[in-house]
Amino acid sequence: MMGQGSSQGISSSSAREKSPFRSSSSRKMLDDALTSVYKYSRNLQHVEFFMDLEPFPEEILLLILSFVPSLDLLLHCRLVSRRWRRLVDAPTLWRTKCERDRRREILLAAEMCGDFSWQRVCLKTPFSKNLLRNPYGAERLKHWTVRNGGDGWTVEVNLSALEGAERQTCFVTSFSWCEKSQIIDLLQEGLWEHLLDVHQPSICISDWYAGRQDCGCVYRIKVQLLAADKHTVVKEFSLAPEPIPQWNDTSYHQVSHEFRQYGAGVRYVKFSHTGKDTQFWKGWYGARMTNSSVTVKCHNLEPCG
């Protein structure tokens, strides 16, 4: 659906094609004109405005299309005409969008990968974003597969602030082992087989855990890189830190790991962590987890041989 035709067949030379918009003066003039039209149109109410863009030269039409959201380009603009379909399927439009938005990871991956799919990557944006859903408990336990021990999982406000976190909330365990896990489909997130098997971008994981002041707790984490069958483990990272003692300062501790050179066949990431308290108290006195993340980064990519 997302440009399986020409986008998948982009050659390495096409992927490295330079943007034609190199004249700063002409680009500034076009940008100023587009900004003026946009500001003017915002002041119009209940007015339908139509403009025939077909007479425009391709350089200007490409620049105009580069301001259109990726999904609209694929679902609507691509269907306007054969000319527009050719422009949307070509790498020049997507490279222009990425250069303007300073998406350095996408540009780097395009330079390294001969089979780079601009449409897929620009729509899904799989690099350097957290691929885990609901990492703070904002949606309670949605998106997580849970195993409840004791009184099960709950979500509470952090006892100590975690600097840089989007939300100051956390998942809290009980007096018996509580486990939750989430499986990430890397292909569904916008990555593709050749990138994972040949280039093997870094897969970075991070997690933060803490305890209550008045009760000790135990925390464990296990992250597995799985093959297409979702069962075969290609690589695994696990850690069982020393328990947090009773009468601690409630501050958060970070666990992080970077998977590199993990081999061919990785298609899924399974992230799971568990915890409980050490006093066997009823309620939610066990390990507290928040700000969990799985990110894919391109800083270690090597060009195709």
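The values are calculated or read from the model by the stated rules, or taken from the named source; none is laboratory data. Because the structure is a prediction, the values reported are computed rather than measured. Note that each Cβ is placed from the backbone with ideal geometry, even for glycine, and that neighbours are counted across all protein chains shown. To get the accessible areas, we keep the full protein, side chains included, count just its heavy atoms, and leave off ligands, DNA and RNA. Shrake-Rupley method; radii C 1.70, N 1.55, O 1.52, S 1.80 Å.
With the simple model of a label 7 Å out from the Cα in the direction of the Cβ, residue 237 to residue 253 spans 1.7 nm.
Sorted by average packing, counted as other Cβ atoms within 10 angstrom per residue and highest first, what order do 84-94, 127-137, 169-179, 249-259 take?
Values: 84-94: 20.1, 127-137: 18.0, 169-179: 22.9, 249-259: 14.5.
Final packing ranking: 169-179, 84-94, 127-137, 249-259.
Taking 7 Å steps out from each Cα toward its Cβ at residue 100 and residue 56 produces label points 1.0 nm apart. Neighbours of residue 71 by Cβ distance under 13 Å: Lys/Arg scored +1, Asp/Glu scored -1, total +3.
Only four residue types carry charge here, +1 at the Cβ of Lys and Arg and -1 at the Cβ of Asp and Glu. Report the dipole size of segment 155-305 about the Cα centre in Debye, rounded to the nearest 20. Each step should come with its number before you reach the end.
Values: 14 positive and 17 negative charges, 66 e Å.
Here the size comes out at about 320 debye.
Over segment 79-154, the pair-distance histogram of Cα-Cα distances with 5 Å bins from zero comes to 3, 12, 17, 15, 11, 9, 9, 9, 7, 5, 3, 1, 0 percent, rounded to whole numbers. Cβ-Cβ distance of residue 156 and residue 81, R₀ of 45 Å, FRET efficiency by 1/(1 + (r/R0)^6): the value works out to about 0.20. Take segment 91-154 with all the other protein chains still there, run a 1.4 Å probe, and you get 42 Å² of accessible area per residue.
Ordering 159, 177, 202 by Cα displacement along the dipole of segment 157-209 toward the positive end leaves 159 in first place; charges were set at the Cβ atoms of Lys, Arg (+1) and Asp, Glu (-1). Summing charges over all other residues whose Cβ lies under 14 Å from the Cβ of residue 233, with Lys and Arg as +1 and Asp and Glu as -1, gives +3. When the pairs 97/297; 124/235; 270/297; 129/230; 235/282 are compared against a 27 Å limit on Cα-Cα distance, 235/282 fall above it. Based on protein heavy atoms only, segment 178-305 ends up with 44 Å² per residue of surface accessible to a 1.4 Å probe. Separation of segment 217-238 from segment 170-205 is 9 Å, based on Cα centroids. Ligands, DNA and RNA left out, the 1.4 Å accessible surface of segment 164-305 is 46% carbon and sulfur atoms.
For every other residue with a beta carbon closer than 10 angstrom to the beta carbon of residue 286, add +1 if it is Lys or Arg and -1 if Asp or Glu, then tell me the sum. Working shown, then result.
On the way: positive: 212, 276, 288; negative: 151, 277.
Neighbour charge sum, excluding residue 286 itself: +1.
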